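The next block holds one structure in the form of structure tokens; read it before the comments.
The values are calculated or read from the model by the stated rules, or taken from the named source; none is laboratory data. Remember, predicted model here, so these are calculated numbers, not experimental data. For neighbour counting, all protein chains shown are included, and Cβ atoms are generated from backbone atoms with ideal geometry for every residue, glycine included. Ligands, DNA and RNA are stripped out before the accessible areas are found, and what is left, the full protein with its side chains, is counted by its heavy atoms. Shrake-Rupley method; radii C 1.70, N 1.55, O 1.52, S 1.80 Å.
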Amino acid sequence: MEKRNNKDQKRATGKISRRTLLGGVIAAAVLPVQSLLADEVHAEMPVLPEITDDPTKIVGPGPSPLGKRSSFENPVRKPSDISSRTPLQDMHSTLTPADLHFERHHAGIPTIDPAKHELLIHGLVENPMKFSVADIKRFPSVTRTCFIECAGNFRTGKAEMTPQDILGLTSQSEWTGVMLSTLFKEVGISDQAKWFLAEGSDAAIMTRTIPIAKAWDDAMIVYAQNGEAIRPEQGYPIRLLLPGFEGNMNIKWLRRIELSEEPYMTREETSKYTYPVKDKIRMFSFELDARSIITYPSYPQKVNKGWIEIHGIAWSGRGKVEKVEVSTDAGKTWKQAGLQEPVLSKAHTYFRYLWDWKGEATEILSRVTDETGYLQPTLAQLVEARGVNLGGYHMNPITAWQIKNDGTVLFKPETIK
Amino acid sequence: MNKKTVLLLACPLVLLLMSLKTAFIPMQVQLPLADSLKRPAKFGFGRKATALEIAAWDIDVRPDGKGLPAGQGDVKKGKILYGQKCAICHGVDGTEKPGIKLPGNALVGDTSATSKPKTIGNYWPYATTLFDYVRRAMPYNLPGSLNNDEVYSITAYLLNANKIIKADVVLNAKNLYKVVMPAKKLFIMDDRKGGPEIK
């Protein structure tokens, strides 16, 4: 308390404060800062930026080893016991900051020493081999931007839901690693191999079976996310990346790949990630179908009359977004939205649509068409195609937002049955 | 001009074009062409895995029984083990009781496809999955703590509790994969390939 008063006083009198010294490189060069301030520095860590009405009158803190978000910004994931969701409504483009990437794990996040971690590739191969993380980094690398989405990314039920609540289990990163095909060529794959098992090194020893065509197409083993080592909750030190495939198959903390002539039918591809379609249960749905959502305006934002830039994200696990249409009259008419270039395959694509809102109560919606010609369905269409016992997997219905006269924005929850 | 010179000369031009027209260049063009020309058949990174190393990790079990280890187990032993190691999270008898939220899933129900909740009896298509999953991931608080005989016994108990095998069956690598699960007939592979159809 005393210290703070003392400091305020100094500032008021124009004397050089401790913070000014710490902030100014030049000051540091001319004054013996360390000896002068050593005791005080320890007493008052960490140094928070000052909030002032006139930032031009105070020299701010200087460079630091690790950057932080502005103290005015606080985007956070929304965790449950088993997952945490990306705050899509706080994002202004398609790249998800690594610390906001959604999480879903089945037995917590393992702590793995990269120096000890190895990847085993065996089964129907010429040479069963082990690769250290350092070995993997020596192979030719590739960088690719794509989304990862959990196949169970669908919530509804009440009007007070944000994009994060509804479908926050999708995020996008720029991933770097080696093509899985490069490693497969290194071990030599037998012609009999039609599938491969991927296994994680977490306490769930998570396993999924993947068709081998994906390995020759675009599967990767990645070690970097947005330019730095991938986050522990994203699979540090290495994870499988299967662009467009359900999140669960992108095995994190990858330690083993086994080539096989048939699928393993693991728990995650039988008891889980399967869903009723009429009187059958559909399994092995790998690609995530095209989907979009308006992230602005959305709950709990409020809008004013006049021009509003509606924006959001659209994506497809089967390729590129071809077009996004927006309706501002509850789905009666649709207009084409602008797409932010470059439009990447199997990637969140940002769309924008300018709307002059006159103040009437209405609903706004978006729907995407992907390059295969698939148009994002309504919930009613999904129910018609699959029956009323939909379950929660592979749901990609159009999301509608209600705009009230007073500018309040609410989610429009739809009932299935 | 040889090939190399052409490449070198072409480079700045390509870069210039790219910077002018970044938005119009398809992003698939990402690997430098020159790289693939020099790519060896093998890089020689990594090392041969030993049989011992493979055996230590190769714990998966396939529907055709490949991967089932030696050992055996019965319903009686399984019931005791279940009570000691599983009941606390999955319920005393594995069933869901109204109003009580179990820390783990309900594991026992009947074998009718429409009954709720989803359990081994009405939803699991392969018995091998049960052995594989329990061995790798359960009990949740002590994963990997069961020996193979114990996993066979618990598997036998859970299959019996779901009315899929008789109480006197002794399970082993020879017969577990032959157990036909009631839900098997319900499962179909996704055959969608994209395109306009909503399915």
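Extension gain for B:LYS116 to B:LYS101 (0.36 nm times residue separation, less C-alpha to C-alpha distance): 4.0 nm. Of the residues in segment B:151-199, those shielded by at least 30 Å² of accessible area once partner protein chains are present, compared with the chain alone at a 1.4 Å probe, are B:LEU186, B:PHE187, B:ILE188, B:MET189, B:ASP190, B:ARG192, B:GLY194, B:GLY195, B:PRO196, B:ILE198, B:LYS199. Dividing the summed -39500 (n - 2.57) terms of all DSSP H runs of n ≥ 4 by the residue count of chain A sets its mean residue ellipticity at 222 nm at -4000 deg cm²/dmol.
Before I look further, what does segment A:291-411 give for accessible area per residue, probe 1.4 Å, in whole square angstrom?
Working: 4610 Å² over 121 residues.
That works out to 38 Å² per residue.
Structure remark: mean-square fluctuation, Gaussian network model of chain A, C-alpha springs under 10 Å; the largest value among A:THR362, A:THR56, A:THR145 belongs to A:THR56.
Summed over both chains, the contact between B and A buries some 5400 Å² of accessible surface at a probe radius of 1.4 Å. The alpha carbons of chain A give a radius of gyration and a Dmax of 25.6, 82 Å, in that order.
Rank B:LYS101, A:LYS358 by accessible area, highest first, at a 1.4 Å probe radius?
Numbers: B:LYS101 185, A:LYS358 140 Å².
Highest to lowest solvent-accessible surface, that is B:LYS101, A:LYS358.
Using a Gaussian network model of chain A in which every pair of alpha carbons under 10 angstrom is joined by a spring, one finds that among A:VAL59, A:VAL277, A:VAL125 the greatest mean-square fluctuation is at A:VAL59.
I want to verify a result. In a Gaussian network model of chain A, Cα cutoff 10 Å, which of these has the top mean-square fluctuation: A:ILE310, A:ILE364, A:ILE51? Of A:ILE310, A:ILE364, A:ILE51, the most mobile in the Gaussian network model is A:ILE51. Taking a ≥ b ≥ c as the square roots of the eigenvalues of the alpha carbon gyration tensor, segment B:97-192 is rounded, as a/c is under 1.5.
Computed FRET efficiency, Cβ-Cβ of A:ASN74 and A:ASN405, R0 30 Å: what is it to the nearest 0.05? In this case the efficiency is close to 0.50. Were the residues from A:LEU66 through A:LYS332 laid out at 0.36 nm apart, the gain over their Cα-Cα distance would be 90.8 nm.
Computed from the C-beta positions of B:LYS76 and A:LYS158 and an R0 of 60 Å, the FRET efficiency is 0.80 to the nearest 0.05.
With every protein chain kept in the model, how would you rank B:TRP124, A:TRP175 by accessible area, 1.4 Å probe, largest at the top?
So, going from the largest accessible area down, we get B:TRP124, A:TRP175.
Rolling a 1.4 Å probe across the protein heavy atoms gives segment B:87-156 an accessible surface of 46 Å² per residue. Using a 1.4 angstrom probe on protein heavy atoms only, which residues from segment B:56-76 are buried by at least 50 Å² of accessible area when all chains are present rather than their own chain alone? Residues meeting the cut-off: B:TRP57, B:ASP60, B:ARG62.
Here the accessible area is traced with a 1.4 Å probe on the protein chains. For the protein assembly as shown, carbon and sulfur cover 58 percent of it.
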